[in-house]
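Undergrad: My questions all concern the structure below.
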Amino acid sequence: MRTPPKLAVPPSAEAVTAEVRKLLRAAEVGRQLPTPKSQILACARLVETGELDLAEYEQSFSEKASGFLYKAMKKVLGFLDRRNKRFYVDPQLHDSRKTFVTYHEVIHRIVPWQHIEYTEDDDLTLNDLSLNLGCDTLFESEANYGAADILFQCDRFETEARDYELSVASALHLSGNYDASCHSSLRRFVERNHRPCLLLVLKPTSRTNADGGISFFISHSIPSGSFTLQFGDFFTHPFINPDQELGKLLNNGSQGEMGLSDLKGFCRPCVVECFNNQYRLFVMIHPKDVSPSRRTVLFRSS
């Protein structure tokens with residue numbers, strides 16, 4: 001099962017995260033949620049113009065930016081645009097998507113080894129990166145990885161996720177705190193969770209089976225590290241059919257239980273939860289006997 005390209009970890013991941021940590025400190029983000037975009041943009045502009053060295057900044061961002069923030073924000077509009085050198089993000093994008101694209105461009109500007117004068121980013125560079133990491137593709141992978149680090153403030157999101165039960169509701173609750181998309185929050189919640197869990201990103205197929213059930217194509221399979229250790233690469237076939245245990249659950253309701261065989265040959269009862277964001281169907285699966293959490297998130301009925 002293929003891993004989503006945007007999740008591909010570049011060889012320089014630790015170095016990119018180190019630069020993001022410097023940026024968050026220099027921009028004086030502190031405990032603010034969501035990440036304050038205006039402070040990030042102004043700080044990135046200071047870095048680009050040579051007025052702030054992330055590696056050895058002596059004055060705080062507030063001192064450097066005194067009387068500068070408004071001007072910096074005007075100037076920031078001058079370096080993030082890919083065609084006319086003005087900051088531009090497609091106004092039709094969802095707000096969370098605009099934020100990610102913005103932070104993607106910020107990474108291009110603050111990572112010292114890139115020094116990119118001109119970039120042109122589209123759905124290909126922001127999503128479906130080639131596994132053949134040439135220089136340009138590596139830079140795009142770093143920008144995607146760093147943008148997520150700015151959005152989720154490096155390991156802060158996953159640290160907070162430890163306090164919450166394994167559930168779709170928990171991930172969506174955190175997505176609101178970080179002003180992140182449901183998709184990216186569910187992905188990060190599962191991928192970096194210390195407990196065994198799996199996220200499937202599905203697309204319904206157009207084929208209708210004899211019993212009227214729908215088959216689903218697995219676009220991506222995203223396991224936590226501990227899930228892989230316990231169950232291996234469980235969903236190796238790209239389709240889920242209605243005659244399978246999971247297929248029956250998907251066709252009959254939004255949640256339930258199913259059995260998964262672990263690598264020791266034992267059948268483990270697992271919880272299955274579904275969430276549809278109108279673009280994709282997400283399925284979170286985890287063993288029923290995972291350790292309890294300190295918090296439970298409850299949604300109000302809409």
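Undergrad: Students often get this wrong, so check it: of LYS203/LYS264; LYS248/LYS288; LYS203/LYS288; LYS37/LYS203, which have C-alpha atoms separated by over 21 Å?
TA: Pairs exceeding 21 Å: LYS203/LYS264; LYS203/LYS288; LYS37/LYS203.
Undergrad: Can I ask one more? Computed FRET efficiency, Cβ-Cβ of VAL9 and ARG97, R0 22 Å: what is it to the nearest 0.05?
TA: Once rounded, the FRET efficiency stands at 0.55.
Undergrad: Within the range 142-161, whose backbone N sits under 16 Å from a point 7 Å along Cα→Cβ of SER293?
TA: Only 156-161 fall inside the zone, counting backbone N under 16 Å.
Undergrad: Still on this structure, I have one more. What order, most packed first, do the peptides 163-174, 261-272 have when packing is the mean number of other Cβ atoms within 10 Å of each residue?
TA: In decreasing order of mean packing, 163-174, 261-272 become 163-174, 261-272.
Undergrad: Here's a follow-up. Starting from 0.36 nm per residue, how many nanometres of slack lie between ASP233 and ALA169 once their C-alpha separation is accounted for?
TA: Numbers: separation 64, 0.36 × 64 = 23.04 nm, distance 2.51 nm.
My answer for the length gained is 20.5 nm.
Undergrad: Then there's this: Would you mind calculating the gained length between GLN278 and SER219 on full extension (0.36 nm times residue separation, minus the Cα-Cα distance), in nm to one decimal?
TA: So the chain would gain 19.7 nm between GLN278 and SER219.
Undergrad: Please work out how much length the chain gains when fully extended from ASN252 to GLU28, using 0.36 nm per residue of separation minus the C-alpha to C-alpha distance, in nm with one decimal.
TA: The ASN252-GLU28 span can extend by a further 75.7 nm.
The numbers here are math on the coordinates, done by the rules we state, and not lab data. Since the model is a prediction, treat every value here as computed from it, not as a measurement. When we count neighbours, we look across all protein chains shown, and the Cβ atoms used for this are built from the backbone with ideal geometry, even at glycine.
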